[in-house]
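No lab work stands behind these numbers, since they all come straight from the coordinates. Computed from a prediction, not measured in an experiment: that's the story for all the values here. Cβ placement follows ideal geometry from the backbone for every residue including glycine, while neighbour counts extend to all protein chains displayed.
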Amino acid sequence: MQISPSVRAVQVPDESPMHPMYTNIYLVGRDQTLTVDSGEALDRYRWMLRGYLAATEKTEIALAAITHHHSDHSGNLRWASEVLKAEVVVHKKAVPLLRGKLPARDRVRTLDTDEVIDMGGGVRPRVLFAPGHSVDSVAYYLEDEGVLFTGDTLLGSSTTTVNELGPYRRSLQMLVELPNLKVICPGHGAIVHDPRERLQSLIAHRDMRERQILDVLDDRRPRTPWEIMLAVYPGLDTRLRRAATGNVEAHLRDLEQQGRVLIHAGKPRRPNPLKRAREVEHARHVQRTLHAAKALEAKEKREQLRLQESPPTAQWAVQPTYEIVGRAKD
Ligand SMILES: [Zn+2]
C-alpha cells in the first residue's frame, strides 16, 4: 500500500490480542529501499514481504532497519541480510539487546541518534531516539513527506505497553512537536492519519491511568500491581492482564521516583529445585516429541512422493493390460 511518494506499507495480518489487525513492514526509498521492521522470524512475514517485492517493487532491499529489539520487529534481520542481501542498520542502543539475532559484523552498521539515512533521490529518514516502550526504541522521520515511523511507541489500533513511563512521556512530547507531521506508520495496526491528535490522546491516556491508579490507592490500603490492574481495567480481555499489570508497574515506579507512592518490598518465591528439574525434563520431552513428529511428517511426505512416482504394483497381483480392438496390423 502506497503511503506517500517514497513510502509503502506491507500489512501482515496478525491475530495477537496485544496488537490486533496487522504487524507492519515499511519500505522507504525510490532508488534503493530501506525496510523499517520486518516482522517475526516466521514464514508468513517472509512470504508476504517477498510477495510484495515480487509484485510491486523494482528494487531490492538495500538496508534493513528496526524500531526496537523485540522479536516481532527484529526476527528477520539475519534473514534479510543472508537471503535479501540487505545491509542491517540498528541504533547503538539496540546492538547489545540483539545478541544472536544479527548477521555477521561486517553486514551491520550502527546508527546514532539524529543520524540521517540517505536513501538517494532526496529520501532522507532521520533517526529519533524515543525510549519508553523499550529502552532502545527509535522512530524514523521523513520530514519532507511528513511520515513518522513509531514502531510500538504508538500503535494504530490499540494502546501499547510501557517499560519506562518518564522517558515514554518525553518521547511522545518530542514526537508531537515534529514539524510537518502528516501520517504515522505504527509497528502494528492501521495507519494513523491524525498523528497529532493521536499522540496528544496517548499523552492524556497515560495521565488518566495515573489518576486512576492514585484513586485506587486513595484509601491508604497497600495493594499489589495485579490488584490495581483489576480495579483500573475492569472487564479487560484476560489475555492482556499481564501486559496491563506491566503498565501499572511502570506508573508505580514513576510515581515512586516522584515520591508520591511508597513501596513495601515483596519477597520472591524461593526456587524449588525438584520442581525446576521436573520442568526441565518436561521441556526436553516436548522438544523430543516435536522433533519426532517433524521427522515423521517429512518421512510421510517422502513416501507419498515415492507412490506418485512409482507404478502401482502394490494393489495388483496381475495388472490389467489394454490392446486395440480388431485385427492387428500386418
Ligand atoms: Zn511489536
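Remark on residue 69: its backbone amide H falls under 5 Å from those of 136, a criterion applied only to residues 5 or more positions apart or on other chains, H modelled at 1.01 Å from N. Taking the Cβ of residue 6 as the centre, find all other residues whose Cβ is under 11 Å away and add up their charges (Lys, Arg: +1; Asp, Glu: -1). Local net charge: 0. When 66, 203, 117, 324 are sorted by how many other C-beta atoms sit within 10 angstrom of their C-beta, beginning with the fewest, the order is 324, 203, 117, 66.
For the pair residue 308 and residue 212, label points projected 7 Å from Cα toward Cβ lie 5.4 nm apart. Under the simplified labelling scheme, the residue 57-residue 85 pair shows an inter-label distance of 1.3 nm, with each label point 7 Å from Cα along Cα→Cβ.
Tally Lys/Arg at +1 and Asp/Glu at -1 over every other residue whose Cβ is under 13 Å from the Cβ of residue 132; what's the total?
Summing Lys/Arg as +1 and Asp/Glu as -1 gives +1.
Exposed loop sites are taken as trypsin sites (Lys or Arg not before Pro) in a DSSP loop (any state but H, G, I, E or B) with at most 10 other beta carbon atoms within 10 Å; the longest stretch of the chain without one runs 100-219.
Charge tally for residue 175 (other residues, Cβ to Cβ under 15 Å; Lys, Arg +1; Asp, Glu -1): +1. As a length-normalised measure over Cα pairs under 8 Å and 6 or more apart, the relative contact order of the chain settles at 11 percent. Averaging the Cα positions of each part gives two centres, and for region 12-64 and region 72-128 these lie 15 Å apart.
Less than 5 angstrom separates the built amide H of residue 91 from those of 66, 111, all sequence-distant by 5 or more or on a different chain.
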